[in-house]
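The values are calculated or read from the model by the stated rules, or taken from the named source; none is laboratory data. Only a predicted model underlies this, so the values are computations on that prediction, with no experimental measurement involved. As a convention, Cβ positions derive from the backbone with ideal geometry for all residues, glycine included, and neighbour counts pool all protein chains shown.
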Amino acid sequence: SKSEPLKVMISGAPASGKGTQCEMIVKKFGLVHVSTGDLLRAEVAAGTEIGNKAKDYMNSGRLVPDEIVTAMVKARLMQKDAKENGWLLDGYPRSFAQAQSLEEMKIRPDIYIVLDVPDEILVDRCVGRRLDPVTGKIYHITYFPPENEEIKERLVKRPDDTEEKVKSRLQIYKQNAEAILSTYLDILKKIDGNRPKEAIFKEVESLLLCVKENEETEKL
Ligand code: AP5
């Protein structure tokens, strides 16, 4: 029989490497990646009503109001692909209220992964980050430069990736982190995120395989 699809949450400070690990997790496990940052950026780019509401909050590094983001996440997790293949939620919940909304909807992950990275590393990661608007792939001018000139020329910088805005995003993250963690203490896995991305992924991978195995054993 087919095992239950995996449900994973990944969290961590701005630029702790969530998006980077998610790319690798999706490749290996086929989960549906639901990134609230990516969803919101797509709404902004498309000039939708949600995008217009969210834009100023995002560009200044503040959180978008809960009701906007929660409705978006709920709708995405309800879709067939997420229900069938499992999901990987990245960037949500980001406040205690958001965590409570999921609890009320009985949406709970199998595992809650936190990427732990020292503050002084985060600024450098953000300021050097570049995105490929064509593939969505995440680069860094020093750590993960683009593969060729063609990609290099089309890379874009996020408007919230300045030193000043990273610092305020980090502060907001810290204000909320503990209250969110309290909701997921029983499934919490903290990982050292200040290592090469392949080494981090090895640990993530073995954690996820472990969760899968446990679920299969429980079914017997
Ligand atoms: P969001 O897009 O979620 O931003 P974030 O949480 O600040 O996270 P980042 O995307 O900055 O970083 P990441 O951890 O994914 O790191 P990455 O892999 O790219 O949210 C943006 C905004 O949207 C928010 O500020 C808010 O306004 C709004 N929003 C989103 N969700 C919301 C919610 N739930 N409620 C309200 N508002 C919401 O890596 C970063 C860089 O480091 C890259 O250049 C990468 O190449 C490099 N890197 C990655 N891993 C490594 C490594 N191991 N070693 C060296 N470099 C690495």
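Observations on the structure shown:
- Among the residues of segment 51-62, just one is near the ligand (Cβ under 7 Å from one of its atoms), surrounded by fewer than 19 Cβ atoms within 10 Å (Cβ to Cβ) and either part of a helix (DSSP H, G or I) or hydrophobic (A, V, I, L, M, F, W, C) (or both), namely Tyr57.
- Residue count for segment 30-50 under the criterion of being more than 10 Å from the ligand (Cβ to nearest atom) and either in contact with a strand residue (DSSP E or B) (Cβ under 9 Å, 6 or more places away or on another chain) or in a helix (DSSP H, G or I) (or both): the result is 10.
- Residue in segment 90-98 that is more than 8 Å from the ligand (Cβ to nearest atom), over 25 Å from Pro5 (Cβ atoms) and in a helix (DSSP H, G or I) present: yes
- For Arg125, the conditions (1) outside any helix (DSSP H, G or I); (2) within 17 Å of the chain's Cα centre (by Cα); (3) within 12 Å of the ligand (Cβ to nearest atom); (4) at pLDDT 95 or above are fulfilled apart from (1).
- Exactly one residue out of Ser11, Ser16 is assigned to a loop (DSSP other than H, G, I, E, B), crowded, with 18+ Cβ neighbours inside 10 Å and within 11 Å of the ligand (Cβ to nearest atom): that is Ser16.
- Count of segment 129-158 residues, restricted to those that are closer than 13 Å to Thr20 by Cβ and outside any loop (DSSP other than H, G, I, E, B), is 7.
- Any pair with Cβ under 7 angstrom, 6 or more apart, that starts in segment 46-68 at a residue that is in contact (Cβ under 8 Å) with a residue 60 or more places away in the chain and aliphatic (A, V, I, L, M) and ends at one that is near the ligand (Cβ under 9 Å from one of its atoms) and part of a loop (DSSP other than H, G, I, E, B): Met58/Val64; Met58/Asp160; Leu63/Arg94; Leu63/Ser95
- Tally of residues being under 16 Å from the mean Cα position of the chain (by Cα) and either part of a helix (DSSP H, G or I) or more than 10 Å from the ligand (Cβ to nearest atom) (or both) across segment 193-204: 4
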